[in-house]
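Here's the structure, in structure tokens; my notes come after.
Computed from the coordinates by the stated procedures, all read-outs in this text should not be read as laboratory data. Fair warning: this is a prediction, and the values are worked out from it, not measured in the lab. Every residue, glycine among them, receives a Cβ derived from its backbone with ideal geometry; neighbour counts consider all protein chains shown.
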Amino acid sequence: MTLHIQTPLLESGAMSAPRGQIVWLKMEAMQPPGSFKIRGIGHACEEYVRRGATRFISSSGGNAGIAAAYAGRRLGVPVLVVVPETTTERAKQLIRREGAEVVVHGASFQEANALAQSMVTPADAFIHPFDDPLLWQGHASMIDEVAAAGIKPDAVVLSVGGGGLMCGVIEGLRRNRWESVPVVAVETQGADSLSKALKAGQLIELPGITSIATSLGARKVALQAFEWARQYGVRSEVVSDQAAVDACVRFMDDHRVVVEPACGAALAVAYDAPTLLGGYENVLVIVCGGVTATVTQLEKWADDGV
Ligand SMILES: *Cc1c(COP(=O)(O)O)cnc(C)c1O
């Protein structure tokens, strides 16, 4: 048993060229808690229970908190999520709906995270949203599924926040002996902590997050994400919030699936595949999903501008 499901791998008629380049979609938006995060978090939570944890603590008001709450409910383990005051009512509801306790504390993630960390006892497991090798092992299963489907991509496109998804995909490519397959890592302007670090040649911390793609809003990527991106030769791309939102709206029409701007960042590059990814025949896009944006919000951003 795993807490995540095996997701569809779809050929995108809308993104593929009529003859030539095929764009494949790994539909992580279909995971029960709405994003890929359950792969890594589910795997980590199961491992922490084996090691004796009797409670999970998270400090994410986004998809990681929702995935931790879902994992806790499925495993029968209580979950506490400490979120900052900026967290939307909707996100708090989604966490509570899974039976987790929500504590609101502090003006920003930093304060909420500090309180959450201070509450961790030896009987608890702290569930980090992106910086934990157990998460990467779990995320890597999405690449195992692509390999099992018999599709070998010649490029992988994904979104980057703190870099957990990217580390997991690189781990998956390595364990399937696909380490020569290039990875294109996409961020939005104002959440571009990996892009800036790669340009600077060292880990950097953004002074703040100005992008609406809040799920990409890690001011600093995980050290391992930075190091692996350099070692692996990850190609970094940055798109505007507008491009990410427009890609989400277009994706709703094309594939009838709602995703967050965080996911729209990777979709924007995929929609531009003939230009940005010319020369690749089989492009795999990780449709990472996300539940924190409603259709109404996406349409408003698209119409009024962001
Ligand atoms: C968490 C998340 C990301 C970014 O993942 P990282 O592991 O932090 O890089 C992208 N999209 C969605 C929908 C997410 O929930």
HN-Hα couplings for the range 94-109 via Karplus (6.51, -1.76, 1.60; θ = phi - 60°), in whole Hz with x for Gly/Pro, come out as 5, 5, 5, 4, 7, x, 7, 8, 10, 10, 9, 8, x, 7, 9, 3
Using Cα-Cα distances under 8 Å and only pairs 6 or more residues apart, what relative contact order does the chain have, in percent? 20 percent
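Using a Förster distance of 45 angstrom, determine the FRET efficiency expected from the C-beta separation of H105 and L223, and round it to 0.05. Walk me through the numbers on the way to the answer.
Numbers: r = 27 Å, r/R0 = 0.59.
FRET efficiency, H105 to L223: 0.95.
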Could you run the Karplus curve 6.51 cos²θ - 1.76 cosθ + 1.60 with θ = phi - 60° over the range 153-159 and give me ³J(HN,Hα) per residue in whole Hz, x for Gly and Pro? x, 10, 6, 10, 10, 8, 8
Compute the long axis of helix 37-50 from its Cα atoms, compare it with the longest principal axis of the Cα atoms of the chain, and write down the angle in degrees, 0 to 90, nearest 10. 40 degrees
If amide hydrogens are placed 1.01 Å from N in the peptide plane, which non-local residues have theirs closer than 5 Å to the one on I212? none
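Structure shown: which of K92/K220; K199/K220; K37/K152 lie over 20 Å apart, alpha-carbon to alpha-carbon? Don't skip to the end; give the middle numbers.
Values: K92/K220 24 Å; K199/K220 14 Å; K37/K152 23 Å.
Over 20 Å Cα-Cα: K92/K220; K37/K152.
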Please list, in chain and number order, the residues 5+ apart from V104 or on another chain whose amide H is under 5 Å from its amide H, with Hs placed from the backbone. V83
By how many degrees, between 0 and 90 and to the nearest 10, does the Cα long axis of helix 63-75 differ from the longest principal axis of the chain? 60 degrees
Rank by packing, highest mean first: peptides 110-121, 148-159, 257-268, with packing defined as the count of other Cβ atoms within 10 Å averaged across residues. 257-268, 148-159, 110-121
Nearest 10, in degrees from 0 to 90: the angle of helix 295-304 to the longest Cα principal axis of the chain is 60 degrees
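Given the -39500 (n - 2.57) contribution per DSSP H run of 4+ residues, what per-residue ellipticity at 222 nm results for the chain, rounded to the nearest 500 deg cm²/dmol? Let's see the in-between values first.
Numbers: 13 runs with 132 residues, N = 306.
After summing the helix terms and dividing by residue count, I get -12500 deg cm²/dmol.
Starting with the highest mean, order 43-56, 207-220 by the number of other Cβ atoms within 10 Å, averaged over the residues of each peptide.
For the peptides 43-56, 207-220, the packing ranking is 207-220, 43-56.
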Distance from the range 211-241 to the range 173-205 (C-alpha centre basis), Å: 5 Å
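Sorted by mean Cβ packing within 10 Å, highest first, what order do the peptides 18-24, 66-72 take? Spell out each step's value before the answer.
On the way: 18-24: 15.6, 66-72: 29.3.
Descending mean neighbour count gives 66-72, 18-24.
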